[in-house]
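Following: one structure in structure tokens, then a few remarks.
The values are calculated or read from the model by the stated rules, or taken from the named source; none is laboratory data. Remember, predicted model here, so these are calculated numbers, not experimental data. All Cβ positions, even for glycine, are placed from backbone atoms using ideal geometry, and neighbour counts span all protein chains on display. Note: areas computed on protein heavy atoms with side chains; ligands, DNA, RNA excluded. Shrake-Rupley method; radii C 1.70, N 1.55, O 1.52, S 1.80 Å.
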Amino acid sequence: MDDDGVPEAASALEGRRLGVWGLLQIAGCSGLAAYSVWALVLMPGFRKVPLKLQVPYMPASARQVENVMTLLKGRAGKMADLGSGDGRIVLEAARRGFHPAVGYELNPWLVRLSYFYAWRSGYLRRVTYLREDLWKVRLHDCNSVSIFLAPSVLTLLENKMLAELPNDARVVTGRFPLPTWVPSDLIGEGIDRAWAYDIRTVRQAVTSKEQGTEV
């Protein structure tokens, strides 16, 4: 349909009541559109991941991004976002001087979207987005880590980070705190709250707990 036909079609529909069949058609089209988004944007990142480790894509809000950056203020070196989604946290980290700023995201469509946003912002050469399973990423050189993931994966991720991160690393989580670690700092309220964890402090607490258990 050309542009001239749009007003005519709208006029023809104006004042006409939708019957049951019309409502079903609209619902069917909406469902198809939703499935298309799932199939193209979300599903590719889930196919090779066990069900219990799957994490749905939910973009961070501007306030959440700002809270993460506040908790990482004054830090430098490599910043990694595990499950980076559309890349906005990595992009902001690059703006704040983190280098390298790296996002790890399994979904190829979100990786492409991240690079588009970086190109549009003029930071294409200052960020890196890698299509990798976060469970296979080595974290030994990461000084700062951000995580916006579902509670179902956080316990397993605690073990991975404790084994791999350097002592001077700081981990910031958004939306949900890490289940067994005690935060060094926090900021924000409700869904915008973010928690910071210093690896050296966490390791000391874990060691003290283990020694206490042995006794």
* All positions within region 67-85 that are touching a Gly at 6+ places or on another chain (Cβ under 9 Å) and free of Cβ contacts under 8 Å to residues at least 60 places away in the same chain -> Ser84
* To do: Looking only at region 150-186, count how many residues are outside any loop (DSSP other than H, G, I, E, B), over 18 Å from the mean Cα position of the chain (by Cα) and either at positive phi or not small (Gly, Ala, Ser) (or both).
  => 5
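Tally up the residues in region 73-117 that are assigned to a loop (DSSP other than H, G, I, E, B) and within 9 Å of the chain's Cα centre (by Cα), please.
Summing the residues that are assigned to a loop (DSSP other than H, G, I, E, B) and within 9 Å of the chain's Cα centre (by Cα) in region 73-117 gives 6.
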* Asked: Cβ-Cβ below 6 Å, separation at least six or inter-chain, first residue in region 129-147 and in a loop (DSSP other than H, G, I, E, B), second open to solvent by 10 Å² or more (accessible area, probe 1.4 Å) and of a type in the set (D, E, K, R): which pairs?
  -> Leu139/Glu164; His140/Glu164; Asp141/Lys78; Cys142/Lys78; Asn143/Lys78
* To do: Residue by residue through region 118-149, note down the ones that are among the aromatic types (Phe, Trp, Tyr) and either open to solvent by less than 60 Å² (accessible area, probe 1.4 Å) or modelled with pLDDT under 95 (or both).
  => Tyr123, Tyr129, Trp135, Phe148
* Asked: Can you name the residue in region 46-77 that is at pLDDT below 50 and open to solvent by less than 80 Å² (accessible area, probe 1.4 Å) and, of all such residues, is farthest from Val102 (Cα to Cα)?
  -> Pro50
* **Every residue from region 155-175 that is surrounded by fewer than 18 Cβ atoms within 10 Å (Cβ to Cβ) and either among the hydroxyl-bearing types (Ser, Thr, Tyr) or under 23 Å from Val65 (Cα atoms) (or both)** => Thr155, Asp168
* **All positions within region 98-115 that are touching a helix residue (DSSP H, G or I) at 6+ places or on another chain (Cβ under 9 Å) and open to solvent by 50 Å² or more (accessible area, probe 1.4 Å)** => His99, Pro100, Trp109, Leu113, Tyr115
